[in-house]
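Undergrad: Structure in structure tokens, see below.
A short reminder: the numbers here are calculations on the coordinates, not readings from a lab. Keep in mind the model is a prediction, meaning the values are calculated, not measured. Don't worry about glycine lacking a Cβ; one is built from the backbone with ideal geometry, like all the others, and counts go over all protein chains shown.
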Amino acid sequence: MNTNANGLTIADVMRDSVKTITSTTTLPEFEQRLLADGVSGYPVVDLGVLVGIVTTTDLVRMNADRRLVSKTR
């Protein structure tokens, strides 16, 4: 690893063993895996192709949007 912080690259800090989920993973399963794996998000991979990324921020945003919609009804 490069010890000079100014010269660090993504390759110096990235993980090369990445856990993924699929687009059919349920939200409860996503939440359980976040807690179990101690990560903040996952690449979403279907049939070996990266189709997106989902993070805890996406989960918080979705829950906030749901609360806003329910208040307007």
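Undergrad: Against the definition (in a helix (DSSP H, G or I), out of contact with any Pro (no Cβ under 9 Å at 6 or more places or on another chain) and without any contact (Cβ under 8 Å) to a residue 40 or more places away in the chain), how does Ser70 come out, yes or no?
TA: Spelling it out, Ser70 is indeed in a helix (DSSP H, G or I), out of contact with any Pro (no Cβ under 9 Å at 6 or more places or on another chain) and without any contact (Cβ under 8 Å) to a residue 40 or more places away in the chain.
Undergrad: Name the residues in the range 1-16 that are acidic (Asp, Glu) and either part of a loop (DSSP other than H, G, I, E, B) or touching a Lys or Arg at 6+ places or on another chain (Cβ under 9 Å) (or both), would you? If you could, list the steps in order and put the result at the bottom.
TA: Within the range 1-16, the first condition is being acidic (Asp, Glu), and the residues that meet it are 12, 16.
Scanning the range 1-16 gives a single hit, Asp16.
Undergrad: Got a number for residues in the range 17-43 being loosely packed, with under 11 Cβ neighbours inside 10 Å and in a helix (DSSP H, G or I)?
TA: Within the range 17-43, residues that are loosely packed, with under 11 Cβ neighbours inside 10 Å and in a helix (DSSP H, G or I) number 4.
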